[in-house]
Amino acid sequence: MKRDYYAGALIAFIGVFMGLNTLNYNIGNLRNIGPGMLPMVLCIILVTLGLLIAINAADPVGEGAHDHLDPTAPKTPDIKGGFAIVIGMLAFVVLTQTLGMVAGTFACVFIAAIGDKDATWLGSFVLASVITVVGVAVFIYGLKMNLPLFQLQGFSL
């Protein structure tokens, strides 16, 4: 229960901190959205979810409110999962700059998914493929961002 409380408080704190940093950008209005609007909305959502998690952990209600405290749950942090997430982010940065968005996104999601103890290679491959297609559709075609899909020594698509 304490872990959920602290996690929710940390999420809310990160949302507040990032929200204060977005004040440097022009938020605009609903007719003319500025570059700071999306980060500000995401920060508000983050703070709200963090507070809901912390409040729920601090004051559980109903029967079986403590059923989530599984005595068989591992007591040590998942080092493999954390390591996979960090390596996945590094792979995204390096591969996006060298090979393009498709390779960077696929590698990031695939490596991070493999870090899950219950993940299979096929499940991770399917997840990475779907997220890559959705990412390309949203960022390249939907938002018209100028990112190369594929990039090889002087050639980019």
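Descriptive notes on the structure:
- Val102 meets all of the listed conditions (1) assigned to a helix (DSSP H, G or I); (2) surrounded by fewer than 16 Cβ atoms within 10 Å (Cβ to Cβ); (3) modelled with pLDDT of 85 or more; (4) not small (Gly, Ala, Ser) but one, namely (2).
- Residue list for region 106-129, filter: modelled with pLDDT under 90 and either within 21 Å of Met145 (Cβ to Cβ) or of a type in the set (D, E, K, R) (or both): Asp116, Lys117, Asp118
The values are calculated or read from the model by the stated rules, or taken from the named source; none is laboratory data. On a predicted model such as this, the values are computed, not experimentally measured, just so you know. Don't worry about glycine lacking a Cβ; one is built from the backbone with ideal geometry, like all the others, and counts go over all protein chains shown.
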